[in-house]
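See below for the structure under consideration.
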Amino acid sequence: VPLDPGAWGALDAAEIAASVRGEREAAFASVAEAVIRESPLRFLTRTQQELVLGANGLYELLGVSTSSSLEELRAAFRSRCKEIHPDLQSGSASATEDMIQLNNAWEILRSEQMRRAYDWLEAQRAGVPS
């Protein structure tokens, strides 16, 4: 067993967390506070807002429609986990990042408030008036 965990493929959790945190903060900074006050984002904590603002294509990631029930979302999440989990994808360099995105999708879509904010944000991105 190598003394250096990086030598056998271990990932630095602090590095991954810093990268994700930086992406969330960048997404949050790009949205004006006035927009947040007038949207469903106002009901979320700052951390939840950052998570929602940094998310994109969650329904596509899970392979479900926007009208899916919580049970359908849960089944799709579990199915996708079995497909992309890093422990099952030993040769995939992106499996860890894919799993992080999948976990973020589940965290957002399972919460009624976060899902409402995400759906509102996606409608805004598509140019649909609120």
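Within the range 77-105, residues that are more than 26 Å from residue 53 (Cα to Cα) reach partners that are open to solvent by less than 50 Å² (accessible area, probe 1.4 Å) and assigned to a helix (DSSP H, G or I) with beta carbons closer than 6 Å, at six or more positions or on different chains, in the pairs 89/95.
One residue stands out in the range 68-97 among those that are within 13 Å of residue 11 (Cβ to Cβ) and of a type outside the set (A, V, I, L, M, F, W, C): the one that is nearest to the chain's Cα centre (by Cα), namely 97.
If you take the residues of the range 97-130 that are within 17 Å of residue 24 (Cβ to Cβ) and among the β-branched types (Val, Ile, Thr), which of them is most open to solvent (accessible area, probe 1.4 Å)? The qualifying residue most open to solvent (accessible area, probe 1.4 Å) is 100. Close Cβ contacts (under 9 Å, 6 or more residues apart or on different chains) running from residues in the range 55-74 that are within 11 Å of residue 118 (Cα to Cα) to residues that are of a type in the set (S, T, N, Q) and open to solvent by less than 70 Å² (accessible area, probe 1.4 Å) comprise 55/104; 58/104; 59/65; 59/68. Residues that are within 15 Å of the chain's Cα centre (by Cα), assigned to a helix (DSSP H, G or I) and either β-branched (Val, Ile, Thr) or within 22 Å of residue 81 (Cα to Cα) (or both) do not occur anywhere in the range 26-46. Taking the numbered list (1) at pLDDT below 90; (2) more than 30 Å from residue 8 (Cβ to Cβ); (3) aliphatic (A, V, I, L, M) in turn, residue 64 passes all entries but (1).
When residue 93 is tested against the conditions (1) closer than 30 Å to residue 129 by Cβ; (2) at pLDDT below 90; (3) not acidic (Asp, Glu), the lone failure is (1).
Residues checked against (1) in contact with a Lys or Arg (Cβ under 7 Å, 6 or more places away or on another chain); (2) farther than 24 Å from residue 23 by Cα; (3) open to solvent by 90 Å² or more (accessible area, probe 1.4 Å); (4) among the acidic types (Asp, Glu):
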residue	(1), (2), (3), (4)
39	no, no, no, no
42	no, no, yes, no
45	no, no, no, no
52	no, no, no, no
68	no, yes, no, no
77	no, no, no, no
86	no, no, no, no
89	no, yes, no, no
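The values are calculated or read from the model by the stated rules, or taken from the named source; none is laboratory data. Computed from a predicted structure; not experimentally measured. Positions of Cβ are backbone-derived with ideal geometry, glycine not excepted, and every protein chain shown enters the neighbour counts. Surface accessibility is based on the protein's heavy atoms, side chains included, excluding ligands, DNA and RNA. Shrake-Rupley method; radii C 1.70, N 1.55, O 1.52, S 1.80 Å.
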